[in-house]
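Right, one structure below, let's go through it.
Rule-based calculations on the coordinates, nothing more; no lab input. In this text the structure is predicted, and so the values were computed from the model without any measurement.
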Amino acid sequence: MSAKLILDAPQLPSEKIIAKQKAQLKDHVIDSDGRVIKLRMPDALDEFDLSSALGHDSSNMGCAAMANSLLYVESIDAFPFIQPKSLAQIRAGIKKVGTPGMRAIADALTEYSKEQNLLTEQEQMNAIKK
């Protein structure tokens, strides 16, 4: 009986933090053109700079989503990728990464997001059981 109580016990806040930290973004992806795109985790300043560079286009979800993918690119085939600071640089970055690269990045971000949300889904399942 005590084993069941342990299995159904809610996780401590520290356990939740540790579980979420275990979910990691891949360090690189290979797009359908065979290019190796090294990935990185952006920080708050990266996001601010991108939003500033997008200007009024930051409210356009399509533009913002495509541009946001660029934040995760560190290099392409070992050539450093400079983070865009203007709309023209965002456009050039999207062109450089291209559709195959954008798809590979999106797949990596989707996988990472699923790992991040796995804990929340498990918590929801435990709540339903109770």
> Which whole-Hz couplings ³J(HN,Hα) result when phi for each residue of region 29-40 is put into the Karplus expression 6.51 cos²θ - 1.76 cosθ + 1.60, θ = phi - 60°, listed in order with x for Gly and Pro?
Replying inline: 10, 10, 7, 5, 8, x, 7, 8, 10, 7, 9, 8
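What translational D, rounded to a whole number of µm²/s, comes out for region 23-129 from Stokes-Einstein when the hydrodynamic radius is the Kirkwood one over Cα pairs, at 4 °C and 1.567 mPa s? Don't jump to the answer; show the numbers that get you there.
Details: Rh = 14.8 Å.
It diffuses with D of about 88 µm²/s by this estimate.
Grab the Cα-Cα distance for residue 40 and residue 65, subtract it from 0.36 nm times how many residues apart they are, and report the gain in nm with one decimal. Write out the running numbers ahead of the final one.
On the way: separation 25, 0.36 × 25 = 9.00 nm, distance 1.66 nm.
Taking residue 40 through residue 65 to full extension adds about 7.3 nm, to one decimal.
Looking at this model, which pairs from 26/95; 26/114; 26/85 are more than 19 angstrom apart at the alpha-carbon?
Details: 26/95 22 Å; 26/114 13 Å; 26/85 25 Å.
Table pairs above 19 Å Cα-Cα are 26/95; 26/85.
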>> 5 Å is the cut-off here: which amide hydrogens, built 1.01 Å from N in the peptide plane, fall below it relative to residue 39, excluding neighbours closer than 5 in sequence?
In response: 28, 29, 74
